[in-house]
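Presented below is the structure to which this report refers.
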Amino acid sequence: MAHTLDSSKKSDVVIVGGGIIGSAIALRLAKSGASVTVIDRGQPCSEASGAAAGMIAPQGELIEPEPFSKLCTDSRDLYPELVAEVEALSQECVCYRRDGTLLVGIEEHECEELEHIYRKQTALGLPLERLSNDRVLKRFSGLSPLIELALFVKGDHWVDNERLTHALIKAGELSGVTYHWDSAVTGFNVQGDQVQGIRVLPQGSASETVLSAGHVVLAAGCWSGQLAETLGVSLPIVPCHGEIIEFETPSDIPYVVRAGINYVVPRGPQVVVAGTTAKWGGFEKAVTAGGLHSIIQGLNRILPIAQDFKFRRAWAGLRPDTKDHLPILGFGALRNLIFATGHFRNGILLAPITAKVIAELILSGVTSHPLELYSPGRFATPA
């Protein structure tokens, strides 16, 4: 639904960024009774939230336990509740699956890493199944016979992130959230220690509209750093370019399969996505010959039956990375400005927990998870 920007109305919260992070926060706040406005420079799902593969896989990447690992696993555990709520509100299926992930090793170094993961995780009491070559091929006959070792992670899930983001937006709108698409935030009016106004330039308009809010949440992904600079704050957010290919398959793929940086993820009936690449710096979202070659080479290495997959489309996206690869969550230098950005490769995974803690921060000032590790102050300096 299109809305006209109205500077006379003050929202409890204005969220800059309408991706999965901003939309999840908006829904959580709206369900708590807050009036929420979301501003986005593009169209729904046009950036990182639509470009991801949709893996919800914290355990498959856990080698050493740490506070960030707990944040990730706690967010995964919130997914069933979030999906049920969003599907009930939007009346749309988001294709959330809990069939598990296969981590496979062909090269010696890959097998050594899997052995290390297995030892560490079983010592922690985490559920993990170790599969030899013959057992993994019985589980999924299309895999490469060169696979020496595999780990089955039952607790890692996946979701169609495009469907989820669109359904989140619809659920938010039905809960009272106002969205303004194709509207770029150009800067902020600051008075004393707080943001008094958000300057917005709608596409095709010659003049800005100034919105006011009790709190402002900056959840603009890769563009958060540029917007923070207008407030005199420097945040080390760098775009990480990644490419993905979507294929039609002769039959359904039963699991997410990962080998090193390569993966294949089911995406609806007889459709999969495969990736990925990583290149830091620059805002161009180009699909490259080198990127596609790398993905196809990695896919064929772990899944020879991919030779018969039919190409559907390919795309590129920009992950918002930070210097320490951790998200930026919490209050910044201004009293009513909150950051929820820099999620790098974990934006889909961390959407539920980010929404929970940011809503708690705004509504009560107390969060159920400590946020010191993710504070903007850990590297925010005057620009």
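The values are calculated or read from the model by the stated rules, or taken from the named source; none is laboratory data. From a predicted model like this one, the values you see are computed outputs, not experimental measurements. All Cβ positions, glycine included, derive from the backbone under ideal geometry; neighbour counts span all protein chains shown. The protein model used for the area step is the full one, side chains on, heavy atoms only, and it has no ligands, DNA or RNA in it. Shrake-Rupley method; radii C 1.70, N 1.55, O 1.52, S 1.80 Å.
What to note about this one:
- Residue tally, condition of a type in the set (S, T, N, Q) and in a strand (DSSP E or B), over region 152-208: 7
- Residues located in region 244-263, provided they are under 16 Å from Leu137 (Cα atoms) and either in a strand (DSSP E or B) or of a type in the set (A, V, I, L, M, F, W, C) (or both): Ile253, Val256, Val257, Arg258, Ala259
- Residue check for Pro304: out of contact with any strand residue (DSSP E or B) (no Cβ under 7 Å at 6 or more places or on another chain) and either among the small types (Gly, Ala, Ser) or touching a residue at least 12 places away in the same chain (Cβ under 8 Å) (or both): yes
- Pick from region 223-237, criterion assigned to a loop (DSSP other than H, G, I, E, B) and of a type in the set (A, V, I, L, M), ranking: surrounded by the most Cβ atoms within 10 Å (Cβ to Cβ): Leu235
- Among the residues listed as Gly282, Gly268, Gly242, Gly275, the single one being farther than 19 Å from Phe311 by Cα and open to solvent by less than 60 Å² (accessible area, probe 1.4 Å): Gly282
- Test for Arg345: is it open to solvent by 30 Å² or more (accessible area, probe 1.4 Å), of a type in the set (D, E, K, R) and more than 22 Å from Asp193 (Cβ to Cβ): yes
- Single condition Gly290 does not satisfy, out of (1) surrounded by 14 or more Cβ atoms within 10 Å (Cβ to Cβ); (2) more than 21 Å from Glu110 (Cβ to Cβ); (3) not acidic (Asp, Glu): (1)
- Just one of the listed residues (Gly54, Gly60, Gly42) is within 12 Å of the chain's Cα centre (by Cα) and either closer than 21 Å to Glu129 by Cβ or open to solvent by less than 30 Å² (accessible area, probe 1.4 Å) (or both), namely Gly54.
- Residues in region 303-355 that are acidic (Asp, Glu) and more than 14 Å from the chain's Cα centre (by Cα) were compared, and the one that is nearest to Gln270 (Cα to Cα) is Asp308.
- Note on region 193-222: among residues that are open to solvent by 40 Å² or more (accessible area, probe 1.4 Å) and in contact (Cβ under 8 Å) with a residue 24 or more places away in the chain, the one that is farthest from the chain's Cα centre (by Cα) is Asp193.
- Remark: Ala30 matches the filter, which requires a residue to be in a helix (DSSP H, G or I), of a type in the set (A, V, I, L, M, F, W, C) and more than 27 Å from Gln226 (Cα to Cα).
- Residue in region 131-150 that is surrounded by 17 or more Cβ atoms within 10 Å (Cβ to Cβ), within 27 Å of the chain's Cα centre (by Cα) and either closer than 25 Å to Gly317 by Cβ or at pLDDT 95 or above (or both) present: yes
- Pairs are defined by a Cβ separation below 7 Å, a sequence spacing of at least 6 or placement on different chains, a first member in region 96-107 that is hydrophobic (A, V, I, L, M, F, W, C), and a second member that is in a loop (DSSP other than H, G, I, E, B); the pairs so defined are Leu102/Phe140; Leu102/Tyr255; Val104/Leu143; Val104/Ile147; Ile106/Ser144; Ile106/Leu146; Ile106/Ile147; Ile106/Glu148.
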